[in-house]
Amino acid sequence: MVVATYPFLENFEGDEPFNWTASPANSWSIRQLEESDNHFYMTDTAVSKNSYIASPCLSFAELDMPELHFDVAADYPVSSGGIGDIFGTGGVTTRGFVLGSINGTTWDTVAPIEATGVPVNKNISLARYANESSVQLRIIYNAGSNLGGLFGGTTTGGAGVAIDNIVVRNAADKDLGVTAITGPTSGCGLSNGHVSITIKNYGRVAQSSYVVKYSVDGGANWVEETVSTPI
């Protein structure tokens with residue numbers, strides 16, 4: 001299978017086999033959110049503590065700025081034996097990456113993955129593979145230690161990692177996003193001050209004179225500013 005039509009979506013609904021395949025076999029399985037029809041693909045840590053899911057062969061021959069999107073949530077055991085929410089670069093052990101290869105043998109680290117128990121969307125640039133005709137991707141999970149069973153199972157266990165709504169596509173022309181709120185810090189008794197944020201241009205075209213606004217009362221009132229700095 002060679003994919004050359006984009007966007008290319010895998011939402012793990014329906015029956016297996018899926019477009020993304022697990023290795024070792026049976027190390028990932030479909031789970032369903034409680035009181036929901038939504039399914040996601042999740043590590044079964046009783047089968048393997050180290051595993052990955054791999055894409056089919058992807059042709060980016062016509063893409064000048066390919067990118068990868070997916071939703072991720074994680075539950076990782078902490079050293080004290082409790083349950084900790086961490087996935088990605090924890091201490092000296094790297095637990096999650098996106099990897100890429102153009103020959104199926106040499107794998108490059110595209111990006112580390114960090115996540116908690118709350119699902120978040122990841123937007124990862126695959127620009128290094130622009131116009132390549134044969135690319136494969138892996139999303140890997142390295143637990144670093146034997147866990148319990150699925151969703152815990154022991155006091156030192158963790159549920160592992162859950163992935164959903166994987167999209168491979170060419171970047172849009174206009175696509176700005178707030179990646180962080182850097183000020184003010186959280187806490188009570190804060191004085192008046194500036195709100196500081198970090199904005200990233202995920203798109204293919206430079207942007208300027210864009211509007212940023214925030215609300216502190218649930219959207220009843222908004223503070224708005226036009227930012228002229230080009231990115």
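Below is a table of values for the structure above.
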read-out: Per-peptide average of other Cβ atoms within 10 Å, ordering 181-189, 207-215 highest first; value: 207-215, 181-189
read-out: nm² value of the averaged projected area, convex hull over the Cα atoms of the range 1-43; value: 3.9 nm²
read-out: Evaluated at q = 0.12, 0.23 Å⁻¹: base-10 log I(q)/I(0), Debye formula over Cα of the range 182-230; value: -0.36, -1.02
read-out: Net charge over other residues, Cβ less than 15 angstrom from the Cβ of Lys213 (K, R count +1; D, E count -1); value: -3
read-out: Heavy-atom SASA rank of Leu137, Leu9 (probe 1.4 Å, accessible area, largest first); value: Leu9, Leu137
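The values are calculated or read from the model by the stated rules, or taken from the named source; none is laboratory data. Predicted model, so just to flag it, every value in this text is computed and none were measured. So basically every Cβ, Gly included, is an ideal-geometry build from the backbone, and we count neighbours across all protein chains shown. All accessible areas refer to the heavy atoms of the entire protein, side chains included, with ligands and DNA or RNA removed. Shrake-Rupley method; radii C 1.70, N 1.55, O 1.52, S 1.80 Å.
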